[in-house]
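Heads up: the structure comes next, in structure tokens.
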Amino acid sequence: MLATCFIQRWDLYSFQRPDGRYTCVHRPLPIKHIEAHLRGEMTLGTYLLDPESQARFVVLDADDTETWQHLVQTARSLASRGVPGYLEQSRRGGHLWFFFARPVSGRTARAFGTGLIQASGLGTLELYPKQEALRDGPGSLIRLPFGRHRLTGRRYGFLTPAGERLAPTVRKQVAHLC
């Protein structure tokens, strides 16, 4: 179920090195690597655009505590208006994920994310995917949720806008998201 929700590309994958950077591997992603990711033995990155430049989600990335707090407020505001966003803490801040009911073009995904950033007044956020369409290479990636970050050794799950765990287990969090 995790793969259905978060994996856009099976023809290649990336993994996080001990220094925090990612390396792209131009071979199919083995299921055993996803299992190793969930056990904390390796950390995978997920590409946001599939080979046809379609996206199933958009991620807003806050790289510091202050911007993260504004992102949490944005999630609360959107939730009160019926727009579900899913918060995930990260090493320095966090992510706000938005899932589409079906894949949309990278252009549409970026337009949605850009609109959210403009409406929230948080121009310092990074938007993933970073491109509307693939040109050279696999495009942008973000750390696949629920794995262990190589620099901190921590796992970062999803939170409610109130700051509580979305669900008590990874399996239940994935079921809620997907």
3J(HN,Hα) from dihedral phi, the range 100-115, Karplus parametrisation 6.51/-1.76/1.60, rounded to Hz, x for glycine, proline: 9, 5, 8, x, 10, 5, x, 5, 5, 4, 5, 4, 4, x, 4, x
Over the range 85-135, volume per residue of the alpha carbon convex hull, in Å³: 99 Å³
Dipole in debye (nearest 20) - the range 56-138, about Cα centre, beta carbon charges: Lys, Arg +1; Asp, Glu -1: 340 debye
Cα lying deepest toward the dipole's positive end in the chain, options Pro103, His33, Gly139, charges on Cβ: His33
Using a Förster distance of 35 Å, the FRET efficiency for Thr124-His26 (Cβ separation, nearest 0.05): 0.60
GNM top mover of Gly94, Gly40, Gly82 - the chain, alpha-carbon springs below 10 Å: Gly82
Those Cys residues of the chain for which no other cysteine Cβ falls under 4.7 Å: Cys24
Cut-off under 5 Å, modelled amide H: who pairs with Glu132 long-range: none
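Quick check on packing: order 3-10, 18-25 by the mean number of other C-beta atoms within 10 Å, highest mean leading.
Highest mean packing first, the order is 3-10, 18-25.
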Label-point separation in nm, Asp64 to Ser105, each point 7 Å along Cα→Cβ: 3.6 nm
Helix-only [θ]222 nm of the chain, DSSP H runs n ≥ 4, -39500 (n - 2.57) each, per residue, nearest 500: -9000 deg cm²/dmol
Separation between Cα centres of the range 146-178 and the range 120-139, rounded to whole Å: 23 Å
Cα-centre dipole for the chain with unit charges at Cβ (Lys and Arg positive, Asp and Glu negative), debye to 20: 420 debye
Radius of gyration, Dmax [the range 1-83; alpha carbons; angstrom]: 15.5, 43
Label assignment, volume of the Cα convex hull per residue in Å³ derived from the structure, set (1) 127; (2) 113; (3) 102: (2)
Amide H partners (placed H, <5 Å) of Val25, local residues excluded: Tyr13, Ser14, Phe15
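Every number here is computed from the coordinates shown, using simple stated rules; none is lab data. Bear in mind that the values here come from a model prediction, so they are computed numbers and not experimental data. We place every Cβ from the backbone using ideal geometry, glycine too, and count neighbours over all the protein chains shown.
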